[in-house]
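The values are calculated or read from the model by the stated rules, or taken from the named source; none is laboratory data. What you see is a predicted model; the values in this text were computed from it and never measured. Quick reminder, even Gly has a Cβ in these numbers, built from the backbone with ideal geometry, and neighbours come from all protein chains shown. Quick note on the areas: whole protein, heavy atoms, side chains included, nothing else; ligands and nucleic acids left out. Shrake-Rupley method; radii C 1.70, N 1.55, O 1.52, S 1.80 Å.
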Amino acid sequence: KRAKTTGATELYQPRALDIARQQFTIETCLRRAIEAERLTLAYQPVIELRTGRVCGFEALARWREGGVDIPPSTFIPVAEESGLVLPLGRWALAEAMRTLGSWDRRAGAPMPVSMAVNVSAIQVARDDVPAMLEDAIRAHKVAPERIALELTESAIVADPDRAAKAMDAVRSIGATIALDDFGTGYSNLAYLQRLPIDVLKIDKSFVTGMLGDRDKVAIVRAILSLAQALGLGTTAEGVETPELSQTLAALGCTLAQGYHYAAPLDADAAFAYWSRNNSA
Ligand code: C2E
Ligand code: CA
Ligand code: CA
Ligand code: CA
């Protein structure tokens, strides 16, 4: 009898409701995980293509709940819709600086690497990102020049004036700004000239499968020449093979990250990766 009722309910239950319920569950768990500081960061090495040296890391949020890894593609959208990305983002910035400080102590001197932290458009719109950057810098005593904030075009499109103010303030603190997922948004390109952007990150959707795809090569070339003309650095994401690494280097891309070099690593493994690379 019960099965029948469930079946009937299911029939009338819009799928949207299921999704809303699932989202609510994730949101509740995520809130607790953030409060209890149970999220972690993984650090993916960023490689200078010309030299093969590790020149930085990108900090990426990780959430393990009940023995299961919940991917950022699941929890970051929920965090953005619920506003939890504000405490999450604040935590991520401080945690990344804390790690950098602890690496410096282990290395016995400031490590010559930068640390990139992802900043959501919601944070730019609703939080004081420059102030929290200053707090994290002060608390963990890292040189601002070593910090890069990764913003997406959506952060700019939502409120260009506010974004511009925040970016100018971040720059005057001494940190740099990378435009993430470049090429996937739909903003006009005029802002590239007006805003204080240092690096374009070429989205992995253009890099993956690029070698067998003339259109992708054309897009990557266009982004690289645009960046060169504007004096910006370039980072290719999703570099999974040596062939891609070589091709991107030949095309003049400056930095790369991807499984060919290393996946995102925990703090200890990332430090070990840097030590090996640095003494090679
Ligand atoms: P993203 O910023 O574009 O980060 C790059 C993503 O590509 C990461 O996924 C990384 O693990 C993955 N990746 C790295 N190398 C390769 C490769 O060679 N091949 C492929 N296929 N993928 C590669 P991840 O860690 O799952 O993060 C997904 C997205 O979640 C990030 O994309 C970023 O938008 C967001 N995210 C992660 N952590 C944070 C955070 O602390 N704050 C905010 N606001 N967003 C975050
Ligand atoms: Ca990123
Ligand atoms: Ca990206
Ligand atoms: Ca991406």
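Here's the yes/no breakdown for (1) within 18 Å of ALA20 (Cα to Cα); (2) in a strand (DSSP E or B); (3) under 18 Å from the mean Cα position of the chain (by Cα):
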{"site": "PRO45", "(1), (2), (3)": "no, yes, yes"}
{"site": "ARG50", "(1), (2), (3)": "no, no, no"}
{"site": "GLY56", "(1), (2), (3)": "no, yes, yes"}
{"site": "ILE76", "(1), (2), (3)": "yes, no, yes"}
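If you go through the range 224-251, how many residues are in contact with a strand residue (DSSP E or B) (Cβ under 7 Å, 6 or more places away or on another chain) and within 15 Å of ligand 1 (Cβ to nearest atom)? Result for the range 224-251: 7. Of a type in the set (Asp, Glu), more than 16 Å from ligand 1 (Cβ to nearest atom) and under 30 Å from MET132 (Cβ atoms) - does that describe any residue in the range 252-274? Yes - at least one qualifying residue is present in the range 252-274. Which numbered condition trips up VAL199, out of (1) within 15 Å of GLN257 (Cα to Cα); (2) open to solvent by 20 Å² or more (accessible area, probe 1.4 Å); (3) within 12 Å of ligand 1 (Cβ to nearest atom)? So VAL199 meets the others, but not (3). Just to check your reading of the model, which residue among ALA178, ALA163, ALA270, ALA262 is within 16 Å of ligand 4 (Cβ to nearest atom), crowded, with 17+ Cβ neighbours inside 10 Å and aliphatic (A, V, I, L, M)? Exactly one residue qualifies, and that residue is ALA178.
Residues of the range 57-87 being among the charged types (D, E, K, R) and surrounded by 18 or more Cβ atoms within 10 Å (Cβ to Cβ), which ones? Correct list: GLU58, GLU80. Candidates VAL54, VAL119, VAL113, VAL129: the one that is of a type in the set (A, V, I, L, M, F, W, C), free of Cβ contacts under 8 Å to residues at least 40 places away in the same chain, buried (at least 19 other Cβ atoms within 10 Å of the Cβ) and closer than 23 Å to LEU200 by Cα is VAL119.
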